[in-house]
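Chemist: First, the structure itself, so that you have it in front of you.
The values are calculated or read from the model by the stated rules, or taken from the named source; none is laboratory data. Here the structure is a predicted model, which is why all the values come from computation and not from measurement. For neighbour counting, all protein chains shown are included, and Cβ atoms are generated from backbone atoms with ideal geometry for every residue, glycine included. All accessible areas refer to the heavy atoms of the entire protein, side chains included, with ligands and DNA or RNA removed. Shrake-Rupley method; radii C 1.70, N 1.55, O 1.52, S 1.80 Å.
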Amino acid sequence: MNVSRVEMTDLLPIEELKTLVEPGKVLTDAASLETYGKDWTKHYAPAPSAIVFPKTVEQVQAIVRWANAHKIALVPSGGRTGLSAAAVAANGEVVVSFDYMNQILDFNESNRTVVCQPGVVTGALQQFAEDKGLYYPVDFASAGSSQIGGNIGTNAGGIKVIRYGLTRNWVAGLKVVTGTGELLELNKDLIKNATGYDLRQLFIGAEGTLGFVVEATMRLDRAPRNLTAMVLGTPDLESIMPVLHAFHGKLDLTAFEFFSDKCLDKILGRGDIPAPFESRTPFYALLEFEAVNEDVANTALATFEHCVEQGWVLDGVMSQSEQQLKNLWKLREYISETISHWTPYKNDISVTVSQVPAFLADIDTIVSGSYPDFEVLWYGHIGDGNLHLNILKPDALSKEEFFAKCATVNKWVFETVEKYNGSISAEHGVGMTKRDYLEYSRSPAEIAYMKAVKTVFDPNGIMNPGKIFA
Ligand code: 2HG
Ligand code: ZN
């Protein structure tokens, strides 16, 4: 089925679209098209035909039916903080923004659940939970802008996955509008439900290609107690693995992250974040746990000493206050934003935890062998086997020259991912940036089944086409 763009001369469908939502909730001015047509990726020029802002589930259904009638492609849009171009409209699509469906609708204390509209900002849900003495544990640097609908669309991960898992773990129930405009109510907030296929799970991580999330019941957890972070300097990447193992065995970790000294260089270059300690080491691990009593804190210190004795750790620091905890987290959380200035080539790959050192060494050898002028930065969620490979653009290269070389790097990286049975996208999603490489992580049979599933829920191919699959 051919899905068309809205042509400039094709005024009628847009006029009809305007009747489906409140007055003023369809925008076609150049500034809005530019803003809502893109996410945080920098590789595609936004070119949507219009932006529509529904306020109710019925309006979303009407928009999807309208799109089916006119064979017009729709792109869902949340906080636009994505890094895989899953929410980019580069081909005349109509963007459906959930900015006006941003209310928390209900809270159930006994169930520890919150009913959210898709446009609820992640940070607002976190704050709501805190105000109730509870905790929404999915967390990442862009939580202040990203929206729950987008988190569900990408099955967002972040910095606490080692303890709490991905967004998927926190979705108790979902209301979705499928590609035919039908409303499905999935799982109805149940903890136990053994009645066949769990369709809710299909829509999580589907990047809006099967339908749009219009309401989500999110679970909350008990609030963590006295979160405490340690930053440990290691002589090499290999040493981080026994450190992880040592701490994992002794403490219930809420995070285990890493970054290289080159990342610390950029962070300290900002001038507003203090160094963790005086010395510098090639790599750093950032770990976090609940220091619920003195025994736990002492166990952490004893484990640290053991790691020093073994030569795995050269220096370290433990937070003693909320402010110190925040400052240590900035060393890791601010990397992505800080280096965005250098227009980096980005990757978000995963392998099993035990394979991380060999995998990273392989990539380093390949990249530095061919492009010695490239500055390669490693950081990420090493406790989950999730690495963010970033390469900074050398000043001597134009953006075009740099990205042309990075296309070759991409192929090497994904070939290596395939060799290690890893994933080409651990937590950012496939979107447009990785759709041509899906076969490095998924077999032809899997991809055929995935496409067949899409056809069931979106027979006319209007839901975020060109994302996940070419
Ligand atoms: C992070 O972990 C984010 O900081 C962004 O997932 C990663 O910018 C990146 O490559
Ligand atoms: Zn990340």
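Chemist: Taking THR455, is it open to solvent by 30 Å² or more (accessible area, probe 1.4 Å), within 28 Å of ILE51 (Cβ to Cβ) and without any contact (Cβ under 8 Å) to a residue 24 or more places away in the chain?
Modeler: The answer is yes for THR455.
Chemist: Look through segment 321-340, keep the residues that are within 8 Å of ligand 1 (Cβ to nearest atom) and closer than 12 Å to ALA229 by Cβ, and return whichever of them is surrounded by the most Cβ atoms within 10 Å (Cβ to Cβ).
Modeler: Applying the filter and picking the extreme gives ARG332.
Chemist: Here is a follow-up. Go through segment 76-107 and give me each residue that's in contact (Cβ under 8 Å) with a residue 24 or more places away in the chain and among the polar types (S, T, N, Q).
Modeler: SER77, THR81, SER84, ASN91, SER97, ASN102
Chemist: On the basis of being more than 16 Å from ligand 2 (Cβ to nearest atom) and either among the aromatic types (Phe, Trp, Tyr) or over 28 Å from GLY269 (Cβ atoms) (or both), does VAL292 make the cut?
Modeler: In short, yes.
The rows are residues; the columns are (1) within 16 Å of VAL115 (Cβ to Cβ); (2) within 16 Å of ligand 2 (Cβ to nearest atom); (3) small (Gly, Ala, Ser).
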{"site": "SER145", "(1), (2), (3)": "no, yes, yes"}
{"site": "ILE159", "(1), (2), (3)": "no, yes, no"}
{"site": "LYS175", "(1), (2), (3)": "yes, no, no"}
{"site": "TYR197", "(1), (2), (3)": "no, no, no"}
{"site": "ILE204", "(1), (2), (3)": "no, no, no"}
{"site": "GLU207", "(1), (2), (3)": "no, no, no"}
{"site": "LEU210", "(1), (2), (3)": "no, no, no"}
{"site": "ASP236", "(1), (2), (3)": "no, no, no"}
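Chemist: Please determine whether any residue of segment 127-137 is in a loop (DSSP other than H, G, I, E, B), open to solvent by less than 20 Å² (accessible area, probe 1.4 Å) and under 30 Å from ALA172 (Cβ atoms).
Modeler: Within segment 127-137, one or more residues are in a loop (DSSP other than H, G, I, E, B), open to solvent by less than 20 Å² (accessible area, probe 1.4 Å) and under 30 Å from ALA172 (Cβ atoms).
Chemist: I would also like to ask the following. In this structure, is THR338 among the β-branched types (Val, Ile, Thr), in a helix (DSSP H, G or I) and within 16 Å of ligand 2 (Cβ to nearest atom)?
Modeler: So THR338 fits the description; yes.
Chemist: Taking the residues in segment 382-409 that are part of a helix (DSSP H, G or I) and in contact with a helix residue (DSSP H, G or I) (Cβ under 7 Å, 6 or more places away or on another chain) as candidates, determine which candidate is nearest to ligand 2 (Cβ to nearest atom).
Modeler: For segment 382-409, the residue satisfying everything is ASP384.
Chemist: Here's another thing I want to ask about it. Determine whether segment 54-63 contains at least one residue that is over 23 Å from PHE403 (Cβ atoms) and within 16 Å of ligand 2 (Cβ to nearest atom).
Modeler: no
Chemist: Related question: May I ask you to list the residues in segment 34-58 that are part of a helix (DSSP H, G or I) and open to solvent by less than 30 Å² (accessible area, probe 1.4 Å)?
Modeler: VAL57
Chemist: Still on this model: Within segment 67-87, is even one residue of a type in the set (Gly, Ala, Ser) and over 24 Å from the mean Cα position of the chain (by Cα)?
Modeler: Yes: segment 67-87 contains one or more residues that are of a type in the set (Gly, Ala, Ser) and over 24 Å from the mean Cα position of the chain (by Cα).
Chemist: Out of contact with any Cys (no Cβ under 8 Å at 6 or more places or on another chain), over 25 Å from ASP261 (Cα atoms), within 16 Å of ligand 1 (Cβ to nearest atom) and assigned by TED's automatic domain parsing to the domain that holds PRO372: is that true of SER423 in this structure?
Modeler: Criteria met by SER423.
Chemist: Can you tell me which condition VAL456 does not meet? The list is (1) closer than 21 Å to ILE152 by Cβ; (2) in a loop (DSSP other than H, G, I, E, B), and all the others hold.
Modeler: With respect to (1) closer than 21 Å to ILE152 by Cβ; (2) in a loop (DSSP other than H, G, I, E, B), VAL456 is out only on (2).
Chemist: Also: Out of curiosity, is THR167 modelled with pLDDT of 95 or more, polar (S, T, N, Q) and open to solvent by 20 Å² or more (accessible area, probe 1.4 Å)?
Modeler: No: the conditions fail for THR167.
Chemist: Looking at segment 379-394, can you tell me whether even one residue there is outside the structural domain of ASP236 (by TED's automatic domain parsing), farther than 18 Å from PHE259 by Cβ, within 16 Å of ligand 1 (Cβ to nearest atom) and open to solvent by 10 Å² or more (accessible area, probe 1.4 Å)?
Modeler: Yes, some residue in segment 379-394 is outside the structural domain of ASP236 (by TED's automatic domain parsing), farther than 18 Å from PHE259 by Cβ, within 16 Å of ligand 1 (Cβ to nearest atom) and open to solvent by 10 Å² or more (accessible area, probe 1.4 Å).
Chemist: Of all residues being assigned to a helix (DSSP H, G or I) and either buried (at least 20 other Cβ atoms within 10 Å of the Cβ) or among the aliphatic types (A, V, I, L, M) (or both) in segment 267-284, which is farthest from the chain's Cα centre (by Cα)? Just the residue, please.
Modeler: This residue is LEU268.
Chemist: Are any residues in segment 199-210 part of a loop (DSSP other than H, G, I, E, B) and either exposed (fewer than 10 other Cβ atoms within 10 Å of the Cβ) or touching a strand residue (DSSP E or B) at 6+ places or on another chain (Cβ under 8 Å) (or both), and if so, which ones?
Modeler: ILE204, GLY208, THR209, LEU210
Chemist: Could you tell me whether segment 73-92 includes any residue that is part of a loop (DSSP other than H, G, I, E, B) and in contact with a His (Cβ under 6 Å, 6 or more places away or on another chain)?
Modeler: yes
Chemist: For segment 341-367, what are the residues that are within 22 Å of TYR437 (Cβ to Cβ), out of contact with any Gly (no Cβ under 8 Å at 6 or more places or on another chain), open to solvent by 20 Å² or more (accessible area, probe 1.4 Å) and not in a loop (DSSP other than H, G, I, E, B)?
Modeler: LYS346, ALA358, ALA361, ASP362, ASP364, THR365, ILE366 - these are the residues of segment 341-367 that are within 22 Å of TYR437 (Cβ to Cβ), out of contact with any Gly (no Cβ under 8 Å at 6 or more places or on another chain), open to solvent by 20 Å² or more (accessible area, probe 1.4 Å) and not in a loop (DSSP other than H, G, I, E, B).
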